[in-house]
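Before any comments, here is the structure.
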Amino acid sequence: MMKEEKVPEPAIDFHLENKLSELEILRQSFEEKKKLADSYYDQLLRLGAEFDNYRKRIEKEKDELIEFGKEELLVKLLGILDSFDLAVTSTKNEKNEEKSIREGIELIHKQLRELLEKEGVKKLETVGQQFDPDLHHAVEYQESDKHKDNEIIQEIRPGYLLHDRVIRPAMVVVAGAKKQDTTDD
């Protein structure tokens with residue numbers, strides 16, 4: 001008798017081919033996803049480097065702004081210094097020294113005030129105003145029946161605003177209501 005060889009059943013081959021085909025599809029899908037992930041990773045690295053460069057550039061610009069931002073104001077102040085020099089020089093040559101000095105100082109004072117106003121500095125109005133601790137620094141309280149309670153009656157040192165922000169509060173004397181004598185005789 002002859003032995004019969006068993007031939008593999010076609011269903012098993014078909015099943016194996018399906019599994020191999022699925023495996024190839026998965027491998028291709030994995031390769032595509034890996035390429036996409038690598039692309040995202042490269043973008044992330046580039047964005048990180050770009051952000052780091054941006055941060056360094058902004059920091060450098062900020063440092064330069066701090067260092068040279070005062071330049072325009074200082075150049076304007078040099079004009080006032082020139083006026084001081086001119087006033088000092090002119091007093092040496094003139095017979096009426098007092099008048100010359102006064103005129104020079106008044107001119108310089110006017111130039112400096114105008115420069116500060118152009119830069120947004122404004123002097124606070126104080127006398128006759130109500131005391132405001134955000135704008136004023138009270139150095140003394142005086143009893144008074146001629147003024148309202150907490151009314152500023154004297155300015156010791158002017159205060160200034162820079163674009164509506166207090167850069168130096170005014171030093172003032174504030175009126176307080178006179179206290180009634182409550183002692184019985």
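Output the qualifying pairs, or none if there are none: Cβ atoms under 6 angstrom, residues six or more apart or on different chains, first residue in the stretch 93-105 and modelled with pLDDT of 65 or more, second residue of a type outside the set (A, V, I, L, M).
Pairs found: GLU97/THR91; SER100/SER90; SER100/THR91; SER100/GLU94; ILE101/THR91.
What's the number of the only condition in (1) at pLDDT below 90; (2) within 30 Å of VAL75 (Cβ to Cβ) that THR182 fails to meet?
Among (1) at pLDDT below 90; (2) within 30 Å of VAL75 (Cβ to Cβ), the lone unmet condition for THR182 is (2).
Just to verify a result, which residue in the stretch 113-137, among those that are out of contact with any helix residue (DSSP H, G or I) (no Cβ under 6 Å at 6 or more places or on another chain) and hydrophobic (A, V, I, L, M, F, W, C), is surrounded by the fewest Cβ atoms within 10 Å (Cβ to Cβ)? Spell out the reasoning first.
As a first pass, look at the stretch 113-137 and keep what is out of contact with any helix residue (DSSP H, G or I) (no Cβ under 6 Å at 6 or more places or on another chain): 113-114, 116-137.
Still in the running and hydrophobic (A, V, I, L, M, F, W, C): 116, 121, 124, 127, 131, 135.
Values: LEU116: 16, VAL121: 15, LEU124: 19, VAL127: 12, PHE131: 21, LEU135: 18.
Within the stretch 113-137, the match that is surrounded by the fewest Cβ atoms within 10 Å (Cβ to Cβ) is VAL127.
So how many residues does the stretch 123-149 have that are of a type in the set (Lys, Arg) and touching a Pro at 6+ places or on another chain (Cβ under 9 Å)? Step through it out loud before you land on a result.
Filtering the stretch 123-149 down to residues of a type in the set (Lys, Arg) leaves 123, 146, 148.
Within this subset, residues satisfying the condition of being touching a Pro at 6+ places or on another chain (Cβ under 9 Å) are 123.
The number of residues fulfilling the criteria is 1.
Can you tell me how many residues within the stretch 140-156 are in a strand (DSSP E or B) and surrounded by 13 or more Cβ atoms within 10 Å (Cβ to Cβ)?
The qualifying residues number 8.
The values are calculated or read from the model by the stated rules, or taken from the named source; none is laboratory data. A quick note: this is a predicted structure, and the numbers were derived from the prediction, not measured. Every residue, glycine among them, receives a Cβ derived from its backbone with ideal geometry; neighbour counts consider all protein chains shown.
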